[in-house]
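The values are calculated or read from the model by the stated rules, or taken from the named source; none is laboratory data. In this text the structure is predicted, and so the values were computed from the model without any measurement. Cβ sites come from the backbone with ideal geometry, for glycine too, and all protein chains shown count toward neighbours. Accessible surface is based on the protein model in full, side chains and every heavy atom, while ligands, DNA and RNA are left aside. Shrake-Rupley method; radii C 1.70, N 1.55, O 1.52, S 1.80 Å.
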Amino acid sequence: ISKKFAYLWCPPPSATDTASSEGYGPTELNNLNNCYGTESELKAMIQAIKPTKAIADIVVNHRAGSTSWGDFTDPTWGVVKGSDYAVICSDDEGFTGEPSLMGASSKRGAADTGDKYAAYRDLDHTNTTVQQGIVDWMNNVLKPAGFVGWRYDYVKGFAGKYVGQYNADSNAEFSVGEFWPTAGYSSDAWGTEIKNWISATA
């Protein structure tokens with residue numbers, strides 16, 4: 001690999017919900033021991049592929065709860081189970097799907113800035129705790145592990161401007177977003193939607 005590629009895409013590095021062993025339902029962002037291996041094995045792999053550089057697949061649209069739908073662990077971002085869900089979008093399914101806990105709380109975030117994702121809790125990217133938490137994770141956990149850039153998962157789920165903000169605040173060397181238009185295929189329509197998203201990240 002080191003003799004052939006400039007960058008290597010790596011799957012989501014954080015601990016994840018057991019129903020999503022590929023990594024797309026992250027529970028503990030700061031915990032880099034996951035279904036692919038240990039944190040030390042991850043760091044050793046990133047060192048071994050040099051001068052090829054590692055790109056992390058990061059899931060920042062949503063998070064999985066640890067013991068219920070919406071409780072977060074490592075970091076908590078201020079979530080208090082059954083009481084405070086200010087970092088979760090107010091129109092998230094958890095507020096109706098878990099009425100005795102999330103549904104009973106009045107501490108909710110703003111409305112989603114993108115498409116909803118029903119499987120896990122949508123993060124409120126207008127919330128500065130979420131913004132700072134993502135940047136801290138990038139700069140203090142992922143970059144020290146050896147990553148130099150990001151593959152953003154499901155960027156349709158939040159406004160494109162936040163991708164630009166997170167790239168700038170983490171000094172990303174390279175990034176790409178997973179974006180696909182919703183409507184049936186049309187080269188003109190799809191091209192317009194993709195260009196509009198790219199422009200929003202600037």
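Structural remarks
- Residue-wise HN-Hα couplings along region 26-41, as the Karplus relation 6.51 cos²θ - 1.76 cosθ + 1.60 with θ = phi - 60° gives them from phi, are x, 9, 10, 4, 7, 9, 9, 9, 9, 5, 8, x, 8, 4, 5, 5 Hz; Gly and Pro carry x.
- Taking amide H as placed 1.01 Å from N in the peptide plane, Lys53 has its amide H under 5 Å from the amide H of Tyr7, Leu8, each at least 5 places away in sequence or on another chain.
- Heavy-atom accessible surface of region 23-77: percent carbon and sulfur, 1.4 Å: 55
- Surface/4 of the Cα convex hull for region 3-120, nm²: 8.1
- In a fully extended conformation the segment linking Trp9 and Ser90 would gain 25.9 nm over its present Cα-Cα distance, using 0.36 nm per residue.
- For the chain: accessible area per residue (Å², 1.4 Å): 47
- Residue by residue, region 172-187 carries 3J(HN,Hα) couplings of 5, 7, 8, 8, 8, x, 7, 10, 9, x, 7, 6, x, 4, 8, 4 Hz when phi is fed to the Karplus relation 6.51 cos²θ - 1.76 cosθ + 1.60 (θ = phi - 60°); x denotes Gly or Pro.
- For the chain, a crude dipole built from +1 on the beta carbon of Lys and Arg and -1 on the beta carbon of Asp and Glu, taken about the Cα centre, is about 680 debye to the nearest 20.
- Lysines with Cα under 28 Å of Lys107, excluding same-chain neighbours fewer than 8 positions away: Lys81, Lys116, Lys156, Lys161
- Shape call, region 92-191: gyration tensor on alpha carbons, a/c limit 1.5: oblate
- Equivalent ellipsoid, the chain (semi-axes from 5 times Cα gyration tensor eigenvalues, Å): 28, 22, 15
- Distance between region 86-113 and region 36-57 - C-alpha centres, whole angstrom: 36
- Rounded to the nearest angstrom and listed largest first, the equivalent-ellipsoid semi-axes of region 159-202 from its Cα gyration tensor are 24, 9, 8.
- Heavy-atom accessible surface of region 149-197: percent carbon and sulfur, 1.4 Å: 52
- Highest-first arrangement of 34-43, 187-196, where packing means the average Cβ count within 10 Å: 34-43, 187-196
- Largest-first ordering by accessible area, 1.4 Å probe, given options Val155, Val176: Val176, Val155
- Cβ-Cβ FRET estimate between Ile49 and Ile194, R0 fixed at 41 Å, reported to 0.05: 0.85
- With all protein chains modelled, accessible area of Lys81 [1.4 Å, Å²]: 100
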